[in-house]
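Q: Here it is: the structure, laid out below.
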Amino acid sequence: MLLEFSTKNFRSFRDPATLSFVASPDASRRDTHCLSTGLKAIPWVTRGAAIYGANASGKSNLIFGLGTMRNMVSHSTSLTEA
């Protein structure tokens, strides 16, 4: 389960950018919008997230960063040192 993804120095991101699925302490919609993790430090996570912003603000680059991370993790055993 992905709880948080951060990137910096990747494509258009110079400064750190974070996509977090950790739920806020507000319990008003917890029964329909959140899942329990069973962890004491992070008790609730959201079921989904939205990425929004102005044109050319890096939304696609954040998704591309997620895909790059996925490829690095799934192909990490076949990578060789240069």
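The values are calculated or read from the model by the stated rules, or taken from the named source; none is laboratory data. Predicted model only: the values in this text are computed from it and were never measured. Remember, those area values only see protein heavy atoms, side chains included, never the ligands or the DNA or RNA. Shrake-Rupley method; radii C 1.70, N 1.55, O 1.52, S 1.80 Å.
Q: Counting just the Cα atoms, what span does segment 1-43 cover along each of its three principal axes? Round to the nearest Å and put the largest first.
A: 37, 19, 15
Q: If you line up the long axis of helix 59-74 against the longest principal axis of the chain, both from Cα atoms, how many degrees apart are they, to the nearest 10?
A: Between helix and principal axis, roughly 80 degrees.
Q: Something else about it: Could you tell me what a quarter of the Cα convex hull surface of segment 20-60 works out to, in nm² with one decimal place?
A: 3.8
Q: Here is a follow-up. Determine the share of the chain's accessible area contributed by carbon and sulfur atoms, expressed in whole percent, with a 1.4 angstrom probe.
A: Reported share for carbon and sulfur atoms: 55 percent.
Q: Would you pull out the residues with amide H under 5 Å of Trp44's amide H, same chain only if 5 or more places away, H placed 1.01 Å from N?
A: Excluding prolines and chain starts, which carry no amide H, the hits are Ala23, Thr37.
Q: Right, another one. Over the chain, average the accessible area per residue using a 1.4 Å probe and give it in Å², no decimals.
A: Accessible surface, normalised per residue, equals 81 Å².
Q: How long are the semi-axes of the equivalent ellipsoid of the chain, taking √(5λ) for every eigenvalue λ of the Cα gyration tensor, in whole Å from largest down?
A: After diagonalising the Cα gyration tensor, the semi-axes are 28, 19, 10 Å.
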